[in-house]
Amino acid sequence: VVYNVKADEAVSFSSTVVQPQLKKSADVLIKVATVGLNHGDHAKADKHIPLINNVNGKLVGTEFSGIIENLGWLKGDHVHMFPFAIGDKVFGVTDGAMGEYISCSAENIFWAPAKMPYEVAAALPVCGTAAYRSLKDNGMSAGYNVAVIGAAGALGNLVVQMAASMGAESVVGIAAEEHAEAVESIGATTFLDYKTQNIEDALEDGSLDIVVDCYSKPDSEEKYEEKIKPKLKATGKYVALNANPIDQARKFVSEKIGYNVQRSGFDAQQGKLNRNDLALLASWWEEEKIRPLIDRVYGFNEEGVRDAFRSLKGGHSQGKIVVRVKDML
């Protein structure tokens, strides 16, 4: 599946099966089972600029699950620290994940638990890492009071579950009323309907340790930061997963120089992949600490892929949107 800004939902499906070559000795060839979709996948098409940022023809997708078909280091005498084997069930991240076969670096994958459904495995790498880092990097500790904006989405539902698993005293889930039951079932102690309730009145000033905003975007009409930041304690953090370019640049510089130059009480979380985090996600799933919500699984055909992107663009899903590329035994 490739980007095509002139096509419906800006994607084109090809029935031709291409098996990529392993260009580096640390690469692995993977037969893809499922691909999880993220808002960034659709946003790439919106940022298309001919000759400057041309996305046409580029492969779609980022996170996946599947089976290792081949290992690059089998062709040479290189020694690697990756003890993977052909036939291993894995999940991870790479550019252009939506195909029957993909090639990616062994640094970007980890073993998926044997009993973990492939659909679930594809829902974890990007959103799971971002959810965990949103809490961990901002000092999450037992007894904290946490609020999650967009608590029913692919990312937000994981933040709710992780906050509860990490010992939060309270977790406020903010979403649309139709998601109330699901959000409360995964660990939210309080549910707020952003459509009908006044969030400012419902939350007490100075009561929250961390607010994770999985919903707002730079062009959003609703500016939750302005409303909810007064609800934070003096040492609290407002964590934005879709921060504006200036805040993202401040985050980038902070990581490069090892000194925080972000706005006070603010974190533009980017959730960069870390194999240790993938290992933790696998472990937490086995321990039943997290159970990602899956909105719907679509078929790997032209209609299915476009329906998946249409749903992604529409927003308001309850959990992850997944495309099943191939049924695995």
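The values are calculated or read from the model by the stated rules, or taken from the named source; none is laboratory data. All figures in this text were calculated on a predicted structure; none of them were measured in a lab. Cβ placement follows ideal geometry from the backbone for every residue including glycine, while neighbour counts extend to all protein chains displayed. Calculation scope for accessible area: heavy atoms of the full protein, side chains included, ligands and nucleic acids excluded. Shrake-Rupley method; radii C 1.70, N 1.55, O 1.52, S 1.80 Å.
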In units of 2.2 N^0.38 Å, the Cα radius of gyration of region 61-186 is 1.28
Among chymotrypsin sites (Phe, Trp or Tyr not before Pro) in region 234-291, those in a DSSP loop whose Cβ has at most 15 other Cβ atoms within 10 Å are Y259
Checking S134, S283, S220 against a Gaussian network model of the chain (alpha-carbon springs below 10 Å), the top fluctuating residue turns out to be S220
With -39,500 (n - 2.57) per DSSP H segment of 4 or more residues and division by the full residue count of the chain, the 222 nm estimate, nearest 500 deg cm²/dmol, is -7500 deg cm²/dmol
Expected sort for 222-228, 171-177, 109-115 on mean C-beta neighbours within 10 Å, highest first, is 171-177, 109-115, 222-228
GNM of the chain, Cα pairs under 10 angstrom: of I210, I290, I86, the biggest fluctuation goes to I86
Diffing region 169-177: the Karplus 3J(HN,Hα) column from phi (6.51, -1.76, 1.60, θ = phi - 60°), in whole Hz with x for Gly and Pro, holds 6, 9, 10, 8, x, 10, 6, 7, 3
Along region 151-162, Karplus-curve 3J(HN,Hα) (6.51, -1.76, 1.60; θ = phi - 60°) to the nearest Hz, with x for Gly and Pro, reads 5, 9, x, 4, 8, x, 5, 6, 4, 4, 5, 5
For the chain, the accessible surface attributable to carbon and sulfur atoms (probe 1.4 angstrom, ligands and nucleic acids excluded) amounts in percent to 48 percent
Calculating Cα Rg over 2.2 N^0.38 Å from this structure picks out, from [x] 1.06; [y] 1.00; [z] 0.94, entry [y]
Taking a probe of 1.4 Å and leaving out DNA, RNA and ligands, the chain shows per residue an accessible area in Å² of 47 Å²
With +1 on the Cβ of every Lys and Arg and -1 on the Cβ of every Asp and Glu, the dipole magnitude of the chain about its Cα centre, in debye rounded to the nearest 20, is 1020 debye
